[in-house]
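Here the structure is laid out as structure tokens; the discussion comes afterwards.
The values are calculated or read from the model by the stated rules, or taken from the named source; none is laboratory data. Predicted model only: the values in this text are computed from it and were never measured. A quick note on method: Cβ atoms are made from the backbone with ideal geometry, for glycine too, and the neighbour counts reach across all protein chains shown. Each accessible area value is taken on the protein alone, full model and side chains, heavy atoms only, with ligands, DNA and RNA left out. Shrake-Rupley method; radii C 1.70, N 1.55, O 1.52, S 1.80 Å.
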Amino acid sequence: MTTGQPRTLFAKVWDAHVIGTDGDQNLLWIDRHFVHEGSFHAFGKLKESGRPVRHPELTFGVADHYVPSDHSAPPKDTEVANMIDLLTRNTTAHGIDIFAMGDSRQGIVHVAAPEQGLSLPGLTIVCGDSHTATHGAFGAFAFGIGASEVAHVLATQTLWQKRPKIMRITVDGVLGEMTSAKDLALYIISRIGTGGATGHVVEYDGSAIRALSMEGRMTLCNMTIEAGARAGMVAPDETTVAWLEGRPLAPKGADLDAAKAFWAKLRTDAGAAFDKEMRFDAADVGPMVTWGTSPEEVAGIAAHVPVAEDFQASRDYMGLEAGQEIAGIEVDQVFIGSCTNSRLQDLREAASVLKLGKVAVPTMIVPGSAAVKKMAEAEGLNRIFRDAGAQWRDSGCSMCVAMNGDAVAPGKRCASTSNRNFPGRQGRGARTHLMSPAMAAAAALTGRIVDVRTISAKPDTGAGQ
Amino acid sequence: MKPFVAHEGQAVVLPVANVDTDQIIPARFLRKPRSAGYGNFLLHDLRFDANGRSVADFPLNRAEAPSFLIAGSNFGCGSSREGAVYALVDYGFRAVIAPRIADIFRNNSVRNGLVPIELPDDEYDRLAQAVEADPAREMKVDLQTCTLSHPALAPISFVIDEGSRKRLLKGLDDIAETAERFGAIEDFAASYRKDRPWTWPASPDKEAR
Ligand code: SF4
């Protein structure tokens, strides 16, 4: 809108997409739209309205929530099979490209879409899934929507939105040994709470953020939603461009040159105003573990389960005692996967720990996409996992949300690299402890929650393999 | 969607913070068609035990036919599933009142005729206490004046963003309304695409990874 005024990264993206205004609402152009199995309500609404999909070339379908973690056989549950089938039928009927089960492009939508080069700096990206925030790692404004809004995007390629507030979280310094973007995300939530960013878009900045790989930035933006935010964003830089170049659906040739010129200006101007600012030091972050039933019920590995009366319900659900040490809590199983932590880098981190021994409890590793699976196998990670006794599965949401039949049994305790530890999230009565891939791998080897830094130290001292 | 102007009915208090959409409707019910009656799935694993028996002291199981949910802070956080709103609406709820309501849930609510109302802590506490004291008494919401009334309390005014209020008051069919602007939208899209052709997905080529 106004030129000359310093603007935030978010404002630059938002302003470029405003088609019209009605009261406090802007009508926004939507560049990318992803649909998964849960979109059947939206396709139903579209049918009711009797309208076609306005820009089928800007919507992509991805089967992820219900796909079994063994793709060699169709799901036994007919309702589940129908959900996967219904997505293929709905997308095909409207001329929408679909990454179906068996397609080499299939994966969890927030892993597969960036991988194909669909998530770009400066775009508006939506999907009927709250973790759409993940794509903000590229400097896009990416946010989750409900079924009514999905139908609206299908029919109009636009959305009515109220301009959110904007908050900057600056993290300087260097993350410590075996400490990852997941620990940073959990640390930030521990400091600001699950409501800390409600109504805001969060822009991440600072040297610790710049140092993160694209995978790390995606993990961080993914978890931003757990702090209540509408979206997370990181300004594009060389890391972003290098990651995008050559991806199948990313810009090429003259388009790429034009895009790069545009992306170079996509950053917050000096002096731009934020509604809220926070600063953290990466050196304060260590391995984090959730002990309760909300992502804010989280602490460093050396901490104890809080004793405050307020947390009684969480402690009861989790089967923990007030004041108990977090390190040493016994787990029944381990899940490494989900759109938070199932990319190649996450699997490498898990493998670097799992190669030190054998799993003590059932451990399931679910790659984020078919492409991640292929890359992991090309570098032999699958052998490390199998040698350690872990299960190496096919890509999908799997035990993150337990829709495909992979569930944690009632009362069982799971160390998980996913993003939500809500009651019942991984199955009715399931107890979830969120942590990083390296921490989950350490829990797999020992059968208990343990500081991964003590495990990884073994080979250096000569005591290891 | 029917216009929402005002509503009178009983309320129930669910004094739990961070009730997320996985609890409002557990994931396993999301594959059901709406005609299955989403009201049955509402807060299912809190209302019923593992054997399917109703949990006697759960607030919803004690209330008769509540249409106001006085929920805890950060209600509706988590997944974007609109099924959470369908479950509340199909159960009979017309308004959710909480100190803080999660963003996507709030957006979904106003598109399904469920009024999301955030109140400051002190007013919220007074209302929750009044309802707890006499659950049978009816309260009222008036969206035209943005007021909540309860017989035991002075009227409480609330703030709701203009876009949501209008959408509810008119029972707006969003898609039809937006379709009237297709001319402007296509003009925008044409010049936008001319300026930034790279925003359209490239066609895949064989050499790419
Ligand atoms: S992996 Fe989990 S959080 Fe991510 S999209 Fe799938 S269900 Fe949602």
Exercise. Scanning for something more than 20 Å from A:Asn419 (Cα to Cα), touching a strand residue (DSSP E or B) at 6+ places or on another chain (Cβ under 8 Å) and of a type in the set (Val, Ile, Thr), does the range A:353-372 turn up at least one residue?
Worked result: yes
For this session: May I ask you to list the residues in the range A:99-133 that are closer than 21 Å to A:Tyr204 by Cβ and more than 13 Å from chain B (Cβ to nearest Cβ)?
Result: A:Val111
Seminar exercise, completed: For the range B:182-209, the count of residues that are open to solvent by 80 Å² or more (accessible area, probe 1.4 Å) and either at pLDDT 90 or above or within 9 Å of chain A (Cβ to nearest Cβ) (or both) equals 8
Exercise. So which residues in the range A:387-402 are over 16 Å from A:Gly337 (Cβ atoms) and of a type in the set (D, E, K, R)?
Worked result: A:Asp387
For this session: Could you identify the single residue in A:Asp24, A:Asp70 that is modelled with pLDDT under 95 and within 14 Å of chain B (Cβ to nearest Cβ)?
Result: A:Asp24
Exercise. Taking the range A:27-58, which residues are open to solvent by 10 Å² or more (accessible area, probe 1.4 Å) and at the interface with chain B (Cβ under 9 Å from one of its Cβ atoms)?
Worked result: A:Gly38, A:Phe40, A:His41, A:Gly44, A:Lys45, A:Ser49, A:Arg51, A:Arg54, A:His55, A:Glu57
Problem set entry | Elements of type helices (runs of 4 or more DSSP H) contained in the range A:168-243, each with 1 or more residues being crowded, with 24+ Cβ neighbours inside 10 Å and in contact (Cβ under 8 Å) with a residue 24 or more places away in the chain | A:181-192, A:214-224
Seminar exercise, completed: Scanning the range A:385-399 residue by residue, those part of a loop (DSSP other than H, G, I, E, B), surrounded by fewer than 23 Cβ atoms within 10 Å (Cβ to Cβ) and more than 22 Å from the chain's Cα centre (by Cα) turn out to be A:Gly389
Exercise. How many residues are open to solvent by less than 70 Å² (accessible area, probe 1.4 Å) and under 28 Å from B:Met1 (Cβ atoms) when one looks only at the range B:125-171?
Worked result: 23
Exercise. When you look at A:Glu325, is it of a type in the set (Asp, Glu) and either within 16 Å of the ligand (Cβ to nearest atom) or within 26 Å of A:Asn222 (Cα to Cα) (or both), yes or no?
Worked result: no
For this session: Could you tell me whether the range A:59-67 includes any residue that is away from the ligand (no atom under 16 Å from the Cβ) and surrounded by 22 or more Cβ atoms within 10 Å (Cβ to Cβ)?
Result: yes
Seminar exercise, completed: The residue from A:Glu203, A:Glu177 that alone is modelled with pLDDT under 95 and more than 13 Å from chain B (Cβ to nearest Cβ) is A:Glu177
Exercise. Which ranges mark the helices (runs of 4 or more DSSP H) fully within the range B:114-181 that have 2 or more residues being at negative phi and within 14 Å of another protein chain (Cβ to nearest Cβ)?
Worked result: B:162-170, B:174-179
Problem set entry | Filter result for B:Ala154 (modelled with pLDDT of 95 or more and out of contact with any strand residue (DSSP E or B) (no Cβ under 9 Å at 6 or more places or on another chain)) | yes
For this session: Would you mention how many residues in the range A:61-76 are more than 19 Å from the chain's Cα centre (by Cα) and within 11 Å of A:Cys397 (Cα to Cα)?
Result: 1
For this session: Could you list, in sequence order, all residues of the range B:75-107 that are open to solvent by less than 10 Å² (accessible area, probe 1.4 Å) and farther than 18 Å from A:Gly195 by Cβ?
Result: B:Glu82, B:Gly83, B:Val85, B:Tyr86, B:Ala87, B:Leu88, B:Phe93, B:Ala95
Exercise. Does the range A:374-399 hold any residues that are within 15 Å of the ligand (Cβ to nearest atom) and either β-branched (Val, Ile, Thr) or more than 14 Å from every other protein chain (Cβ to nearest Cβ) (or both), and which are they?
Worked result: A:Arg393, A:Asp394, A:Ser395
Exercise. Of all residues in the range A:244-264, which are under 26 Å from A:Ile98 (Cβ atoms) and crowded, with 19+ Cβ neighbours inside 10 Å?
Worked result: A:Leu244, A:Arg247, A:Pro248, A:Leu249, A:Ala250, A:Pro251, A:Lys252, A:Ala259
Exercise. Say we look at the range A:400-439 and pick out the residues that are among the basic types (Lys, Arg) and more than 12 Å from the ligand (Cβ to nearest atom); which of these is least open to solvent (accessible area, probe 1.4 Å)?
Worked result: A:Arg413
For this session: Restrict the check to the range A:265-288 and report whether at least one residue is within 16 Å of the ligand (Cβ to nearest atom), out of contact with any Pro (no Cβ under 9 Å at 6 or more places or on another chain), open to solvent by 10 Å² or more (accessible area, probe 1.4 Å) and within 14 Å of chain B (Cβ to nearest Cβ).
Result: no
